[in-house]
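Undergrad: Next up is a structure, given as structure tokens.
The values are calculated or read from the model by the stated rules, or taken from the named source; none is laboratory data. From a predicted model like this one, the values you see are computed outputs, not experimental measurements. Note: ideal-geometry Cβ built from the backbone for every residue, glycine included; neighbour counts use all protein chains shown. We work out accessible area using only protein heavy atoms, side chains counted, and drop any ligands, DNA or RNA first. Shrake-Rupley method; radii C 1.70, N 1.55, O 1.52, S 1.80 Å.
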Amino acid sequence: MSIPATASSPSPSSSMEIIFGRNKKEQLEPVSATVTGKIPAWLQGTLLRNGPGMHTVGDSKYNHWFDGLALLHSFSIRDGEVFYRSKYLQSDTYNANIEANKIVVSEFGTMAYPDPCKNIFSKAFSYLSHTIPDFTDNCLINVMKCGDDFYATTETNYIRKINPQTLETLEKVDYRKYVAVNLATSHPHYDEAGNVLNMGTSIVDKGRTKYVIFKIPATAAGTKKKGKSPLKHAEVFCSIPSRSLLSPSYYHSFGVTENYVVFLEQPFKLDILKMATAYVRGVSWASCMSFHREDKTYIHVIDQRTKKLVPTKFYTDPMVVFHHVNAYEEDGCVLFDVIAYEDSSLYQLFYLANLNQNFEENSRMTSVPTLKRFAVPLHVDKNAEVGSNLIKLASTKATALKEKDGHVYCQPEVLYEGLELPRINYAHNGKPYRYVFAAEVQWSPIPTKILKYDVLTKSTLKWGEECCWPAEPVFVPTPDAKDEDNGVILSAIVSTDPRKLPFLLVLDAKTFTELARASVDADMHLDLHGLFIPDADWSAEKQTPAKTQEDENQMPLSPHRPDGTGIGPQ
């Protein structure tokens, strides 16, 4: 059954300008939070988060909320105390903008026009760069663990190494030096050894446009040597040709099971020819993306053992998916859960003009994010009748209908409407699982509550409070946890009540009761994604500095998506 919010949330339109329209101030030195309640003694580590924090530079403004300059922030939790700090990512983009005191580097929703006569900009920001774009390194979406290192990530070919303790920005890394991708997701997956699996798009490489799945080993060349980047040993795992040479699908995440990778080629597409001429036409790259509601969504299933596609052609109705939740195998089928939209209207809503003007009216026109479960049969019986349902599982109402041409049309089971930013206990990533931790968004895409959804019983537990806007909930398991929901939920809460400070919320993940909150006298922003980094010596009294398997399960994934904390993300 549901636990109601402690109070109803205020009208979103009265709060949007406070949340989205104001630049945030850095908190460079750690500030001590005021803790009420009791933080579990075992919870020792750092919650590291990322998201846009600056939307105007000088007199210039970004058009889209997802364009804002990256602001990292962290909550260090030790011995019941919490310390908060925040710092803007010192990207090339940030430095060029600040030096010019205006936006001179283009983002996806904002095209910038720097003065070509001034030599303060590198070639990356020159006019010619926009013909075949050299994308921004404003890595504002997520944080990725790679070997012993941490990187701020976005959806371009650039990632920025960061110091998770000081939030200092370190070197800039170009994926293209290691794998041929122009775009890459911010939601990689991790296996139990810490190897990273990610996807990117290679645009018209050697006359082909393809989706590239690549793997980064946890250690360089299989050694344990510190300081050696495992990125140098990245390898292409599998390539999937795009159905269109010049209009590849947009995607934000993907799914994995123990033996398969699930990728959705959806009809939300990027027009490469339009993108190549966007700068001279005076339009943003985002205007080159469009939803083709007459097209299908193709479901690609890749066998990790053979590194090849399952030959059957699976498809479903047109939809837009940003976040995969989880996927697993059951009785010859792959089941995968996603947050699906009927169209691309969510992206349109996050233009700042739509957020800050007539928000309630605009948001009601936005497609509702819906948790849907799909089931894909791995082996199709040639003798099965056309039109028959190939899914015989009692655990789901999802169907897969055989068609005359041998293709299979998949219809999902609708599990829940009105949730986003899903996370799970990452120890269950790619395996059967029961709980989704997410933000409830109701009719608005702005989170108003934190939600626990039980996929088995279809029941929910919720937390909410008046004038409070929660970020993505992160699950942290208790040491030696036996139950999937034995742990805590961490969420950074922004308040639009001037009398209430922002705070870190700590919930009991099993009961969804509040254990503690750490209020911070700082200018906290609404973030996007991040991870929890447990202290290596969280249990010093055991005098076991080497990581145990439970320690490994607490390392974070990526996790826009998906995901909870665990090394193995979404």
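Undergrad: Given 5 Å bins starting at zero, what is the percent of C-alpha pairs of the range 206-322 in each, up to the one with the largest pair distance?
TA: Calculated over all Cα pairs of the range 206-322, the distribution is 2, 10, 16, 18, 17, 14, 10, 7, 4, 1, 0 percent.
Undergrad: Which distance in Å, rounded to a whole number, links the C-alpha centroids of the range 178-214 and the range 361-416?
TA: 27
Undergrad: Residue separation times 0.36 nm, minus the C-alpha to C-alpha distance between Ala353 and Asn23: what's the value?
TA: Here the segment from Ala353 to Asn23 would lengthen by 117.2 nm.
Undergrad: Write down the accessible area per residue of the range 14-537 in Å², having rolled a 1.4 Å probe over the full set of protein chains.
TA: 39
Undergrad: How compact is the range 14-537 by the rule of thumb for globular proteins, expressed as Cα Rg over 2.2 N^0.38 Å?
TA: 0.95
Undergrad: Next question. Could you give the nm distance between label points at Lys313 and Asp331, where each point is 7 Å from its Cα heading toward the beta carbon?
TA: 2.9
Undergrad: Turning to a different aspect of this structure: Between Tyr409 and Val204, take the C-beta separation as r, use R0 = 30 Å, and let me know the FRET efficiency to the nearest 0.05.
TA: Numbers: r = 31 Å, r/R0 = 1.03.
FRET efficiency, Tyr409 to Val204: 0.45.
Undergrad: Between Arg243 and Asn101, what FRET efficiency follows from the Cβ-Cβ distance if R0 is 41 Å, with the result rounded to 0.05?
TA: On the way: r = 44 Å, r/R0 = 1.08.
Between Arg243 and Asn101 the formula returns 0.40.
Undergrad: Note down the relative contact order for the range 168-314 as a percent, whole number, built from C-alpha pairs under 8 angstrom at least six residues apart. Don't skip to the end; give the middle numbers.
TA: Working: 260 pairs, mean separation 24.0, N = 147.
Here the relative contact order equals 16 percent.
Undergrad: Something else about it: Multiplying the sequence separation of Lys500 and Lys392 by 0.36 nm and subtracting their Cα-Cα distance, what value in nm do you get?
TA: So the chain would gain 33.7 nm between Lys500 and Lys392.
Undergrad: Which distance in nm do the two modelled labels at Thr166 and Glu342 give, with both placed 7 Å along the Cα-to-Cβ direction?
TA: Spacing of the two 7 Å Cα→Cβ label points: 5.2 nm.
Undergrad: Accessible area, 1.4 Å probe, largest first: how do Val506, Val236 sort?
TA: Val236, Val506
Undergrad: Right, next: What lysines sit close enough to Lys313 to cross-link, taking a C-alpha to C-alpha distance under 22 Å and skipping anything fewer than 8 places away on the same chain?
TA: Lys210, Lys269, Lys296, Lys372, Lys382, Lys392, Lys397, Lys402, Lys404
Undergrad: A follow-up question, please. Give the distance, in whole Å, between the Cα centre of the range 334-357 and the Cα centre of the range 465-532.
TA: 23
Undergrad: Full extension from Ala384 to Asp480: what is 0.36 nm times the residue separation minus their Cα-Cα distance, to one decimal in nm?
TA: 29.9 nm
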